[in-house]
Amino acid sequence: MDAIVCVKQIPDPETPAAAFSVDEAAMRVVEAPGVSPVINPFDQQAVEAALRLREADGGAGTISVLSLGPDSARDAIKTGLAMGADEGYQLNDPAFEGGDAWTTALALAKAIEKIGLPDVLIFGRQAADLDQGTVGSIVAELLGLPSVTVLRSAELADGEIRVSRVVADGFESISTPTPAVLTISNEFGDPRYPQLRQIMQAARKQVTVWTPADLGLDPGEIGATGARVKMHALYQPRNETECEFIEADTAEEKAGLLAAKLREAKLV
Amino acid sequence: MASILVFGESAPGGGPAAITAELLGAATRLNAALGGDGVACALIGAELDAVAQAAIAAGAGAVYTAQDAALAQYGADAYLPVAAAIVEQAAPAVVLFGQTSMGRDLAPRLATRLGSAVAMDALELEAGDGRVRVTRSCYGGNARQVVTVESDPQVVTVRAKSQDPLPEDAGRTGEVVPVAAAPGAARARLLEKETADSAGVRLEDAGIVVSGGRGLGAPEAFADLERIAADLGAAVGASRAACDLGWYPPSQQVGLTGTVVSPELYVAIAISGASQHMAGCGGSKNIVAINKDPDANIFRYSRFGIVDDYKKVLPQLEAELKRLVADA
Ligand SMILES: Cc1cc2nc3c(=O)[nH]c(=O)nc-3n(C[C@H](O)[C@H](O)[C@H](O)COP(=O)(O)OP(=O)(O)OC[C@H]3O[C@@H](n4cnc5c(N)ncnc54)[C@H](O)[C@@H]3O)c2cc1C
Ligand SMILES: Nc1ncnc2c1ncn2[C@@H]1O[C@H](COP(=O)(O)O)[C@@H](O)[C@H]1O
């Protein structure tokens, strides 16, 4: 079973709220001191999904990890390689900068065609920077493939892929033929932790780097000029709430006082 | 012709989903601000007549309906060509979806098929320079961005409960336009639906939500929360940490990747208040937190707070609330 997993490098989403800040003029997040960017956590689970599907299929086949991003995004690819993926591809060129979900998906789709369409294309449910969750679906549409999103499991069954999709009021069991696009949610479970030996092997692996020209893309189609969504502002919301702490000698008394406050405010 | 097309949805038990009226309210305001020529609703499904009438009462001047047994359940393959045909017929400038299980899946594919793009999970919609300015949450709730879709039609998904429906008016009139578009052949096929049995109030509709986090220490504690919730007519929610530990079903997860709630009262018990959790409950009118850490982030959003071990607070709180509710 061949798979391509798309991974994005993002500012660490576990950055404590107090250390998070944006440069409003530049409409950019300021990297918090001492906090390095990471592979999008859902993408790490997407790599895990690919590895498990291949294992269930007898272990044969190639898993490629693909990322569009600047030099540092190589680390996200290396994380996938250390987990057990075989090949790394990076789309890296200044012309890609300032793009949106559309230009990203366009470039990824071209790269996927160049690598060769695998049995399954796996994405995270959303990149935990802009929290959009659209790139997987756009790639599926561009390539004319079926897509199933926000999955907690994916298995091989009767020559198809059987998935469980997380929906608002439960789960849907869905079967899709291959090739297909899957997007993975956190309910999938923890990704494997690479061994030191695997990290060292991954560090030595070559990552293939492609520019727009390698993909047959005109610089005008991608990056800021090709983008269809325009950002006008980025800011941190102000939160004005002042907490009234309920003070008393014992927890029991605090509970009684809180109940009375809630009644007074007509909340219960 | 309509300037704004809303993709409505049916509620699981029949009738329109609440989001449909919210979208029609937002569409009506946007249409006025953009000087557009009307609001229409698109409905795709199997039995839509009652929902279509409800959509008219909620503000749709026209309702495009595509009814077919093969459309009874949402699936991207079946719905996409139908949705695209409706957009072609209605020729809107703006297409609105709810940020629902259907909307988040269908909107990006449809936007791409239409040669356009989508802005996801809008909190606010405004008209500016003839386009829709969308304010949305990003970076796990730590930031907001304002964006416009510069291609046409502008597709936007909208967060539940972020928009007010119009005041109900059964006197509204509108026409129902059946659309004959063949459902697409389903490659990905729904085999089975497992509905999480949420005893009591549905999380997204609850006026009060009582939520528990990893600090509860054990899954059994959720039984205590359920008793308190039952007394208050509340729903029970959970942080992702609690859900990931298997203590509570994912359908009850509150937050960025769970359900977004905005009740009158949100009670957070042993929840730290990470930005991704607050992304799902920060819109609550009143937050009350019980946490043993005085510096927990949750207190920055809370109207009332108790700093203590929840185990010592809960029994008395339950007894007092029970008494208050019984007295009422
Ligand atoms: C991309 C992404 C998406 C995410 N989406 C979501 C989401 O949708 N929803 C969500 O909830 N999280 C989400 N998270 C996770 C989020 O960042 C936090 O990790 C999570 O919310 C923490 O859950 P918690 O508050 O229950 O646990 P913790 O952070 O471990 O907090 C436990 C709290 O309990 C308190 N406590 C401990 N013992 C007691 C006691 N005896 N009495 C009183 N208080 C006690 C502690 O002081 C602490 O504040 C997401 C994270 C990422 C990266
Ligand atoms: N720059 C990128 N490079 C590779 N994959 C990406 C990139 N951006 C998004 N993706 C993939 O698309 C998924 C959804 O991203 P998004 O639509 O931006 O939320 C991510 O989880 C990744 O799998």
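The values are calculated or read from the model by the stated rules, or taken from the named source; none is laboratory data. Bear in mind that the values here come from a model prediction, so they are computed numbers and not experimental data. Using ideal geometry, Cβ is built from the backbone for each residue, glycine included, and neighbour counts are taken over all protein chains shown. Just so you know, the surface numbers come from the protein's heavy atoms only, side chains and all, with ligands and any DNA or RNA stripped out. Shrake-Rupley method; radii C 1.70, N 1.55, O 1.52, S 1.80 Å.
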* Asked: Rg (Å, one decimal) plus Dmax (Å, integer) for the alpha carbons of region A:1-68?
  -> 16.4, 52
* Which of B:Gly215, B:Trp247, B:Ala188 sits closest to the plus end of the dipole of chain B, meaning its Cα is farthest towards the positive end, when Lys and Arg get +1 and Asp and Glu get -1 on the C-beta? -> B:Gly215
* Structure fact -> Ordering B:Lys311, B:Lys292, A:Lys205 by the accessible surface of their heavy atoms, 1.4 Å probe, largest first, yields B:Lys292, B:Lys311, A:Lys205
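To the nearest 500 deg cm²/dmol, what mean residue ellipticity at 222 nm is calculated for chain A from DSSP H runs of n ≥ 4 alone, each contributing -39,500 (n - 2.57), summed and divided by the residues? Intermediate values should be presented prior to the final figure.
Numbers: 7 runs with 77 residues, N = 268.
So the calculated ellipticity at 222 nm is -8500 deg cm²/dmol.
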* What whole number of Å gives the distance from the Cα centroid of region B:8-56 to the Cα centroid of region A:182-200? -> 42
* Asked: Measuring from label point to label point, each 7 Å out along Cα→Cβ, what is the B:Arg113 to A:Ala157 span in nm?
  -> 2.6
* Asked: If the cut-off is a Cα-Cα distance under 13 Å, which aspartates and glutamates reach B:Lys312, setting aside same-chain residues fewer than 8 apart in sequence?
  -> A:Asp249, A:Glu252, A:Glu253, B:Asp224
* Hull-based mean projected area of region A:3-226, where the convex hull spans the alpha carbons, in square nanometres -> 13.1
* Asked: What is the magnitude of the charge dipole of region A:3-226 about its Cα centre, with +1 placed on the Cβ of each Lys and Arg, -1 on the Cβ of each Asp and Glu, and no other charges, expressed in debye to the nearest 20?
  -> 620
* To do: At 7 Å along the Cα-to-beta-carbon direction for both A:Ala260 and A:Met200, put a label point, then send me their distance in nm to one decimal.
  => 6.7
* Counting only GluC sites (Glu not before Pro) that are in a DSSP loop and have at most 13 other C-beta atoms within 10 Å, tell me the longest site-free stretch of chain B. => B:48-167
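Per residue, how much accessible area does chain B have with a 1.4 Å probe, in Å²? Don't skip to the answer; put the middle values down first.
Numbers: 12520 Å² over 328 residues.
Dividing the accessible area of chain B by its residue count gives 38 Å².
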* Structure fact -> Dividing the mean separation of Cα pairs under 8 Å (6+ apart) by the residue count of chain A yields a relative contact order in percent of 24
* **Which of A:Ala73, A:Val38, A:Gly88, positive extreme of dipole for region A:1-127 (C-beta unit charges)** => A:Gly88
* To do: Place +1 on the Cβ of every Lys and Arg and -1 on the Cβ of every Asp and Glu in chain B, take the dipole about the Cα centre, and give the residue among B:Tyr266, B:Pro167, B:Gly45 whose Cα lies farthest towards its positive end.
  => B:Tyr266
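Over the protein assembly as shown, what percent of the accessible surface lies on carbon and sulfur atoms, probe 1.4 Å? Spell out each step's value before the answer.
On the way: 11710 of 24110 Å².
Answer for the protein assembly as shown is 49 percent, counting heavy atoms of protein chains only.
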* Asked: A plus B alone minus the pair: what accessible area, both sides summed, probe 1.4 Å, in Å² to 100?
  -> 6900
* Structure fact -> Flagged as over-length at 19 Å C-alpha distance, from A:Lys261/B:Lys322; B:Lys285/B:Lys311; A:Lys78/A:Lys205; B:Lys161/B:Lys193; A:Lys78/A:Lys114, the pairs are B:Lys285/B:Lys311; B:Lys161/B:Lys193; A:Lys78/A:Lys114
* How large is the dipole of chain B about the Cα centre if only Lys and Arg carry +1 and Asp and Glu carry -1, each at its Cβ, rounded to the nearest 20 debye? -> 680
